[in-house]
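I have placed the structure first, in the form of structure tokens, so that the comments after it can refer back to it.
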């Protein structure tokens, strides 16, 4: 089913007089090593101009010796400091690229941050994971389960790239972004608005890392499924989507199909979230969307009829940081003053699953700590 044609259920906004989840602080960390297009391409005839035209990226950050938990701790520590607190009642870690199948990273992150024996768990929803994590974290606050939640999205997605697949490596980078939510009052700035969430598992094979899990481990010998050429690749080039085979440890995707789905899916999801918040598109000051590639962001702006400058982007410098892209963009934009108190902001993402999600908030007077601020 096409994601854009499906009405998705959402999480309602807090009722007047009830308890609300409020954005209280943001943090981000990106590994220091920058892999630019010239280094990535080496001696290949395809170069910087070609990649910029198709992806929008001139560089991306790559973690050297850093795992998901390492990046998460750095981003989480900054978010807590920005919120002016050393404590959280729960920790949620979102990742598309877990450093191990078991145990989860969140308990380790909570321990290394000195948060004590708080509940901590991981959540996976592809590149939409931050939106799903935000919905879960906000629900913990509004239900009274926690007064303050640390939510971190951290991805070392470069670890799942085929070293020989320079096209896929051109798209993705590594990073982590974090937010702190606190209990507050409906109507105050920073309240996380109603959510639109949805999925279409019938298209799960459009983006996948097929090997490493129980499915590939329990497959009888000789029962390999088709897929030896790795799919259509990010731009429809056969074999560019990663090493083939049902047990491949590398990420692969059908780029052209995903691009079409992402533009329509995020556009429809944002529209539903705005409707639930009682906002109209002209009211929107900024849209922070998953930083998939610049073509998708440009297509999203055109589909919604928004001026391109209202759809924030850092793809030129960081590429696609998977589930971390939305919180990293939020932290950077807040720290730089691009997001200002009182602005109406929408968040949206679309990714593996297929899964998508959107929400809204009036931007509060909130601190953000990043590598540069």
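Listed values, structure above:
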| item | result |
| --- | --- |
| Any hit, the range 275-296, residues being part of a helix (DSSP H, G or I), in contact with a strand residue (DSSP E or B) (Cβ under 9 Å, 6 or more places away or on another chain), within 25 Å of residue 37 (Cβ to Cβ) and at pLDDT 95 or above | yes |
| Test: residue in the range 271-280 that is farther than 13 Å from residue 358 by Cα and in contact with a helix residue (DSSP H, G or I) (Cβ under 8 Å, 6 or more places away or on another chain) | yes |
| Unmet requirement for residue 114, which otherwise passes all of (1) within 17 Å of the chain's Cα centre (by Cα); (2) outside any strand (DSSP E or B) | (1) |
| Hits in the range 185-221 - residues which are over 18 Å from the mean Cα position of the chain (by Cα), more than 30 Å from residue 274 (Cβ to Cβ) and surrounded by fewer than 20 Cβ atoms within 10 Å (Cβ to Cβ) | 205, 211, 212, 213, 214, 215, 216, 217, 218, 219, 220, 221 |
| Candidates 131, 181, 123 - the one that is farther than 17 Å from residue 27 by Cβ, under 20 Å from the mean Cα position of the chain (by Cα) and crowded, with 24+ Cβ neighbours inside 10 Å | 131 |
| Top-ranked residue in the range 301-319 [being in contact (Cβ under 8 Å) with a residue 40 or more places away in the chain, touching a strand residue (DSSP E or B) at 6+ places or on another chain (Cβ under 7 Å) and part of a helix (DSSP H, G or I); ranked as farthest from residue 169 (Cα to Cα)] | 317 |
| Selection count where residues are closer than 27 Å to residue 134 by Cβ and either at pLDDT 95 or above or in contact with a helix residue (DSSP H, G or I) (Cβ under 6 Å, 6 or more places away or on another chain) (or both), scope the range 164-185 | 14 |
| Identity of the residue in the range 105-120, touching a strand residue (DSSP E or B) at 6+ places or on another chain (Cβ under 6 Å) and surrounded by fewer than 23 Cβ atoms within 10 Å (Cβ to Cβ), that ends up nearest to residue 355 (Cα to Cα) | 120 |
| Of all residues making up the range 352-363, the number that are surrounded by 24 or more Cβ atoms within 10 Å (Cβ to Cβ), more than 13 Å from the chain's Cα centre (by Cα) and either in a helix (DSSP H, G or I) or modelled with pLDDT of 95 or more (or both) | 2 |
| Criterion: surrounded by 17 or more Cβ atoms within 10 Å (Cβ to Cβ), in contact with a strand residue (DSSP E or B) (Cβ under 6 Å, 6 or more places away or on another chain) and at positive phi - qualifying residue of 322, 349 | 322 |
| The listed residue being at pLDDT below 95, more than 18 Å from residue 251 (Cβ to Cβ), more than 17 Å from the chain's Cα centre (by Cα) and surrounded by 15 or more Cβ atoms within 10 Å (Cβ to Cβ), out of 102, 41 | 41 |
| Qualifying position, being crowded, with 24+ Cβ neighbours inside 10 Å, touching a residue at least 12 places away in the same chain (Cβ under 8 Å) and over 25 Å from residue 321 (Cβ atoms), among 156, 141 | 141 |
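The values are calculated or read from the model by the stated rules, or taken from the named source; none is laboratory data. From a predicted model like this one, the values you see are computed outputs, not experimental measurements. All Cβ positions, glycine included, derive from the backbone under ideal geometry; neighbour counts span all protein chains shown.
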